[in-house]
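Q: My structure is below; once you've seen it, I'll send some questions.
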Amino acid sequence: MSRSFVAPTSIEDALAVLTTGARPVAGGTDLVVGARQGKAPLPDALLAIHRIDALRGIVEIGGGIRLGALTTHAEIEANPMIRDRFAALADASAIVGSHATRAQGTIGGNVMNASPAMDTGGPLLCADATVTLRSATGERVLSLDELWTGPGTTAAAPEELLVAIGVPPPSPRSGSCYVRLEYRRQMEIAVVGVTAAVALDGDSVSDARVAITALAPTIRRVPDSERALAGSDGGSEAIEDAARAAAAGSSPITDVRGSAEYRRAMAAVIARRAIEGALARANGERVPIPASPALYGGAGRGRR
């Protein structure tokens, strides 16, 4: 069987190739692993987009950010603006795969892979991120809720290319945190993950976002958990109520990495840690990046 491989240097040329049925690939960290494990064969036609400079870069826009689709996890983790304003995204990017994965894997590929266990999905969802999809005939912007339709599936048409991810500016006195259940320090896939993002007004929580990872067919927010926090004093009772609601709002599966019962039980624990981390950051306290090792009691291993 013959396969084709094309590596254009412009978005326009890439869009033209997409109309022929080719599949875009950037870092290839998911595509190659999937093929080696027999999950899916390599496509007959590959469109390599790694040479398109217009898809790279982190740009500040009015206090928010625009992430080019080819921005790597390592670049996100190292960016001072993201570490300061969107700490949960830095938390997540800092623990994706291994050092090699983070150097090659891209945020665009991660988002379009649509895994319910992706680390960066929850932070982006809680930050109201949007994706820009472009085709030869036009462009459209979708929320992540609109993009992710199921495990490994999206609403993007075959001829559409993700070109950028937009994240609006955070509220004043806000903080965010992503924590996942970890068995090892490298090449881990989330068994349970929770993102929390809060904004404070005086002594109360004016806004709250809580999203669960690896606990449902898609990464999703948990409204009951958010309601338990919003309007509260952010104290221990509100945190516990929100953590229990996050667990109750999950619908985990049983697989080789954990049973549904174990995942649901740990969801409350991880949610509590994520909420505590977000509140601490909103109050100006130092929580190292990534937050997961710090909130497991190993603060010296994180870095801000």
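Q: Testing ALA54 on (1) in contact with a strand residue (DSSP E or B) (Cβ under 7 Å, 6 or more places away or on another chain); (2) at pLDDT 95 or above; (3) open to solvent by 40 Å² or more (accessible area, probe 1.4 Å), one condition comes back false. Which one is that?
A: Checking ALA54 against (1) in contact with a strand residue (DSSP E or B) (Cβ under 7 Å, 6 or more places away or on another chain); (2) at pLDDT 95 or above; (3) open to solvent by 40 Å² or more (accessible area, probe 1.4 Å), the one that fails is (1).
Q: Let me ask something additional. Regarding SER115, is this residue more than 19 Å from CYS177 (Cα to Cα), within 17 Å of the chain's Cα centre (by Cα) and in contact (Cβ under 8 Å) with a residue 12 or more places away in the chain?
A: Yes, satisfied.
Q: I'm trying to understand the selection: among the residues of region 158-183, which are open to solvent by 30 Å² or more (accessible area, probe 1.4 Å) and farther than 20 Å from PRO116 by Cβ?
A: PRO158, GLU159, PRO168, PRO169, PRO170, SER171, PRO172, ARG173, SER174
Q: Does region 44-51 contain at least one residue that is over 30 Å from GLY277 (Cα atoms), out of contact with any Lys or Arg (no Cβ under 7 Å at 6 or more places or on another chain) and open to solvent by 60 Å² or more (accessible area, probe 1.4 Å)?
A: yes
Q: Something else about it: Condition test on ARG36, is it open to solvent by 60 Å² or more (accessible area, probe 1.4 Å), among the charged types (D, E, K, R), touching a strand residue (DSSP E or B) at 6+ places or on another chain (Cβ under 8 Å) and modelled with pLDDT under 90?
A: no
Q: Hey, among the residues in region 136-160 that are out of contact with any helix residue (DSSP H, G or I) (no Cβ under 6 Å at 6 or more places or on another chain) and in contact (Cβ under 8 Å) with a residue 60 or more places away in the chain, which one's nearest to ASP53 (Cα to Cα)?
A: So the residue we want is GLU160.
Q: Further, regarding this structure: For GLY202, work out the one condition from (1) crowded, with 22+ Cβ neighbours inside 10 Å; (2) at positive phi; (3) of a type in the set (Gly, Ala, Ser) it doesn't fulfil.
A: (1) is the only condition that GLY202 fails.
To keep it simple, each residue is scored yes or no on (1) within 20 Å of CYS177 (Cα to Cα); (2) touching a Ser or Thr at 6+ places or on another chain (Cβ under 7 Å); (3) open to solvent by 20 Å² or more (accessible area, probe 1.4 Å); (4) not basic (Lys, Arg).
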residue	(1), (2), (3), (4)
ALA247	yes, no, no, yes
SER251	no, no, yes, yes
ARG264	yes, yes, yes, no
ALA267	yes, yes, no, yes
ILE270	yes, no, no, yes
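Q: Further question: Take VAL210 and decide whether it is at pLDDT 95 or above, within 14 Å of the chain's Cα centre (by Cα) and part of a strand (DSSP E or B).
A: So VAL210 passes the test.
Q: Something else now. Tell me, please, whether a residue that is under 30 Å from ASP13 (Cβ atoms), part of a loop (DSSP other than H, G, I, E, B) and open to solvent by less than 20 Å² (accessible area, probe 1.4 Å) can be found in region 129-136.
A: Yes, some residue in region 129-136 is under 30 Å from ASP13 (Cβ atoms), part of a loop (DSSP other than H, G, I, E, B) and open to solvent by less than 20 Å² (accessible area, probe 1.4 Å).
Q: Considering only region 184-199, state which residues are modelled with pLDDT under 95 and surrounded by fewer than 23 Cβ atoms within 10 Å (Cβ to Cβ).
A: ARG184, ARG185, GLN186, MET187, GLU188, ILE189, VAL191
Q: Which one is farthest from TYR178 (Cα to Cα) among residues in region 215-245 that are part of a loop (DSSP other than H, G, I, E, B) and hydrophobic (A, V, I, L, M, F, W, C)?
A: Applying the filter and picking the extreme gives ALA230.
Q: PRO41: open to solvent by 50 Å² or more (accessible area, probe 1.4 Å) and within 21 Å of PRO158 (Cβ to Cβ), yes or no?
A: It is true that PRO41 is open to solvent by 50 Å² or more (accessible area, probe 1.4 Å) and within 21 Å of PRO158 (Cβ to Cβ).
Q: Something else now. Considering only region 99-115, state which residues are hydrophobic (A, V, I, L, M, F, W, C) and open to solvent by 50 Å² or more (accessible area, probe 1.4 Å).
A: ALA100, ALA103, MET112
The values are calculated or read from the model by the stated rules, or taken from the named source; none is laboratory data. Note that the structure is predicted; figures quoted are calculated from it, not measured. Cβ coordinates were reconstructed from backbone atoms using ideal geometry, including for glycine residues, and neighbour counts include every protein chain displayed. All accessible areas refer to the heavy atoms of the entire protein, side chains included, with ligands and DNA or RNA removed. Shrake-Rupley method; radii C 1.70, N 1.55, O 1.52, S 1.80 Å.
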